[in-house]
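Novice: Sharing a structure with you now.
The values are calculated or read from the model by the stated rules, or taken from the named source; none is laboratory data. Predicted, not measured: the structure shown is a model, and the values here were computed from it. Quick reminder, even Gly has a Cβ in these numbers, built from the backbone with ideal geometry, and neighbours come from all protein chains shown. Please note that ligands, DNA and RNA were not included when accessible areas were found on the heavy atoms of the full protein model with its side chains. Shrake-Rupley method; radii C 1.70, N 1.55, O 1.52, S 1.80 Å.
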Amino acid sequence: MSLKKILIAPFVFMVRGYQLLISPYLPATCRYSPTCSTYTLEALRKHGLFKGGWLSIKRIASCNPWGGSGYDPVP
């Protein structure tokens, strides 16, 4: 297993836990496609912990009524 996968594993686990245990009981409020949690998983897997984590933080911070909306893929 690569170092990148080892570093992101706990964060992937937390996001997947959120997707399976918490998200189904909340109303769908994400303004983006893909959703912020899916974006986070893809960013972590594609860019690693630091860049992927930063992209995820920026995305989650902009997911509000005054932020953006629409299709926003991981760069």
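Novice: What distance in nm separates the simple spin-label points at E42 and W66, each placed 7 Å from Cα in the Cβ direction?
Specialist: 2.8 nm
Novice: Still on this model: Cut-off under 19 Å on the C-alpha distance; same-chain residues fewer than 8 positions from K5 excluded. Which lysines are left, in chain and number order?
Specialist: Reachable lysines: K46, K51.
Novice: Roughly how many debye, to the nearest 20, is the charge dipole of the range 1-65 about its Cα centre, given +1 on each Lys and Arg Cβ, -1 on each Asp and Glu Cβ, and no other charges?
Specialist: Numbers: 9 positive and 1 negative charges, 45 e Å.
Around 220 debye, computed over the range 1-65.
Novice: What ³J(HN,Hα) values, in whole Hz, does the Karplus curve 6.51 cos²θ - 1.76 cosθ + 1.60 give for the range 56-64 when θ = phi - 60°, with x put for Gly and Pro?
Specialist: So the Karplus estimates, Gly and Pro as x, are 5, 4, 4, 5, 5, 5, 8, 8, 8 Hz.
Novice: Enumerate the calculated ³J(HN,Hα) couplings along the range 15-30 in order (Karplus 6.51 cos²θ - 1.76 cosθ + 1.60, θ = phi - 60°), each rounded to whole Hz, writing x wherever the residue is Gly or Pro.
Specialist: Using θ = phi - 60°, the values come out as 5, 5, x, 4, 4, 8, 9, 10, 3, x, 9, 10, x, 6, 10, 5 Hz.
Novice: Taking all protein chains in place and a 1.4 Å probe, what share, in percent, of the accessible surface of the range 6-50 do carbon and sulfur account for? Before the final figure, lay out each step's value.
Specialist: Details: 2110 of 3050 Å².
Ligands and nucleic acids excluded, carbon and sulfur reach 69 percent.
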